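The values are calculated or read from the model by the stated rules, or taken from the named source; none is laboratory data. Here the structure is a predicted model, which means the values were calculated and not measured. Neighbour counts run over all protein chains shown; Cβ positions are idealised from the backbone, glycine included. With ligands, DNA and RNA removed, areas are computed over all heavy atoms of the protein, side chains included. Shrake-Rupley method; radii C 1.70, N 1.55, O 1.52, S 1.80 Å.
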Amino acid sequence: KKLIKDKDIEDMILLKGFKTGIYLINEYKKSSFFVSASRSENFGLSIAEALKSGLPCIVPQKSPWKNLSKYDCGFSSEPDEVEISKFMIKICKDYINNERVFNAAKRITKSYSWSAQADLLIQGYNK
């Protein structure tokens, strides 16, 4: 909050606080993209939720989602405001309201579904 105030961008950034259920889904639907404020993630459920909603994402380098640029649905970044800002500008120019990005973001989460993970586990046992 302090950084947003210090940079005088309070009219551009909305911090909505904790949401669950339909309220959370509605926030994703109203959003243009998602930025994870974490420095690292062991999974990053909020990232998965944003991707499942079709949002391009900016995620920490230290997360299992660091390959988003390979799928053309986001970027991984060091916790650096200049780098994150660069990616935010790129997303605003090239990614918002782009059906290809929307579909890629939704598609990447399929490999993390319960059934996909169960299939991987079974494959491991069959080796």
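Details
- Inside the range 70-102, residues that are loosely packed, with under 13 Cβ neighbours inside 10 Å and in a helix (DSSP H, G or I) make up a count of 9.
- Every pair of residues 6+ apart whose Cβ atoms lie under 7 Å, when the first sits in the range 68-89 and is more than 21 Å from Phe43 (Cα to Cα) while the second is open to solvent by less than 50 Å² (accessible area, probe 1.4 Å): Glu83/Ser77; Phe87/Ile58; Phe87/Phe75; Phe87/Ser77; Met88/Ile58
- Checked against (1) part of a helix (DSSP H, G or I); (2) at pLDDT below 90; (3) open to solvent by less than 90 Å² (accessible area, probe 1.4 Å), Arg107 passes all but a single condition, namely (3).
- The set of residues in the range 6-26 being surrounded by fewer than 10 Cβ atoms within 10 Å (Cβ to Cβ) and not aromatic (Phe, Trp, Tyr) consists of Asp6, Asp8, Asp11, Met12, Leu15, Gly17, Thr20, Gly21, Ile22.
- Count of the range 37-84 residues, restricted to those that are over 25 Å from Lys19 (Cβ atoms) and not basic (Lys, Arg), is 9.
- Filtering the range 30-58 to residues that are among the basic types (Lys, Arg) and touching a residue at least 40 places away in the same chain (Cβ under 8 Å) leaves Arg39, Lys52.
- For the range 27-41, residues that are assigned to a loop (DSSP other than H, G, I, E, B) and surrounded by 11 or more Cβ atoms within 10 Å (Cβ to Cβ) total 7.
- For the range 110-122, a residue qualifies if it is open to solvent by 100 Å² or more (accessible area, probe 1.4 Å) and modelled with pLDDT of 90 or more, but none of them does.
- Residues that are among the aromatic types (Phe, Trp, Tyr), more than 19 Å from Arg100 (Cβ to Cβ) and not in a loop (DSSP other than H, G, I, E, B) do occur in the range 6-26, at least one of them.
- For the range 42-69, a tally of residues being assigned to a helix (DSSP H, G or I), open to solvent by 20 Å² or more (accessible area, probe 1.4 Å) and under 15 Å from Ser31 (Cα atoms) returns 3.
- Every pair of residues 6+ apart whose Cβ atoms lie under 7 Å, when the first sits in the range 1-29 and is under 24 Å from Lys106 (Cα atoms) and among the basic types (Lys, Arg) while the second is open to solvent by less than 100 Å² (accessible area, probe 1.4 Å) and not in a helix (DSSP H, G or I): Lys29/Ser53
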